[in-house]
1. Only helical DSSP H runs with n ≥ 4 go in: add -39500 (n - 2.57) per run for the chain, normalise by residue count and round the 222 nm mean residue ellipticity to 500 deg cm²/dmol.
2. With the full set of protein chains in place, find how many percent of the accessible area of region 46-151 is carbon and sulfur; take the probe as 1.4 Å.
3. Given charges of +1 on the Cβ of Lys and Arg and -1 on the Cβ of Asp and Glu, with all other atoms neutral, how large is the dipole of region 174-225 about its Cα centre, in debye to the nearest 20?
4. Jot down the radius of gyration and Dmax of the chain, Cα atoms only, both in angstrom.
5. Taking the Cα centre of the chain as origin and charging only Cβ (+1 Lys, Arg; -1 Asp, Glu), how large is the dipole, in debye to the nearest 20?
6. Have a look at Glu243, Glu190, Glu174 and tell me which one the Gaussian network model of the chain (Cα, springs below 10 Å) gives the largest fluctuation.
7. Once you have a ≥ b ≥ c as the square roots of the Cα gyration tensor eigenvalues for region 91-203, tell me rounded if a/c is under 1.5, and otherwise prolate or oblate according to whether a/b is larger than b/c.
8. Cα gyration tensor of region 15-97, axes a ≥ b ≥ c as square roots of the eigenvalues: rounded (a/c below 1.5), prolate (a/b > b/c) or oblate?
Amino acid sequence: MAFDEVEPFESPAYVKPGSAVLCGAVAAVRAGAHTVVVTRMSAEDAWILDSMTAAGVEVLLLPAPQTTYMKVVHPSADVDVRTLTQVHSAGFFHAGEFPSINTRWIHLAGISDQEFDLSFIQFLLARNCKLSADMQSFVRQVDSKGVVQFQDFPSKKELIPLLDAVKLDVVEAEILTGTRDLERAALIIEFWGCPEVVVTQAEGVLARVNGRTYYEKFTNRSVVGRTGRGDTTFGGYLAWRLEHGPEEALKFAAALVSIKMETPGPFQGTLEDVLQRMQKD
């Protein structure tokens, strides 16, 4: 979890809670999965977790001296053009502080490369569960001045074989594999050793699972809730994937995030809403 200080182009700045975990966790719990978020932050800022707990997410806070604080500046009217700076960091997760929880799946949803290192990931591998990661957690690299650079992750071929699933968007796919073609990028990551790859773009989501490719288009009627698209997609996918095959899980996730993108904030719908959207599409 973090605070995002946002400076829109020619509009007043504002500060709001932000993270990769918020939308994903809410989507998973609304899909019916018992969902626990483990976050490292200052206990004084625990109020920013209220929206998750209100949705039914269980939250475990690991105390840190400060909460991660990001500054986002939009220098032009193009909302996709922005600079990111990490003003404060809650620091890396450590094996010694991680709680003992009984879970079927752990997903690493980081904001930058200042949260998870390979030693912590290797510690998680000893647990009897599946492990996935948002590649944002590694390609968003903070330099000595706190500026976030989107760059290739040098240890990607060491990391990716350790994971049961990988989540990324088309921009991260191009950084890591050199191609914006979703299937080609997924095939490359599969070749590096990960059996399940989920890639999002504006039009839809692709999954490459155990040698087969699946694709679903989004059906949203607006994009006012576009922020959190990838995290919502993967949260819904993981929750449904626990009891369903990849094709069904992808259809479910695409329907859920299509509803979410029509309203700002985390997914506010119900399981029945998602099932009805799947039938219509």
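1. -9000 deg cm²/dmol
2. Answer for region 46-151: carbon and sulfur cover 52 percent of the accessible area.
3. 120 debye
4. Rg then Dmax for the chain, in Å: 17.7, 50.
5. 440 debye
6. Sorting by GNM fluctuation, first place goes to Glu243.
7. oblate
8. The shape class here is oblate.
The values are calculated or read from the model by the stated rules, or taken from the named source; none is laboratory data. Just so it is clear, the model here is predicted, and its values are computed rather than measured. Neighbour counts run over all protein chains shown; Cβ positions are idealised from the backbone, glycine included. The accessibility values were calculated without ligands, DNA or RNA, using every heavy atom of the protein model including side chains. Shrake-Rupley method; radii C 1.70, N 1.55, O 1.52, S 1.80 Å.
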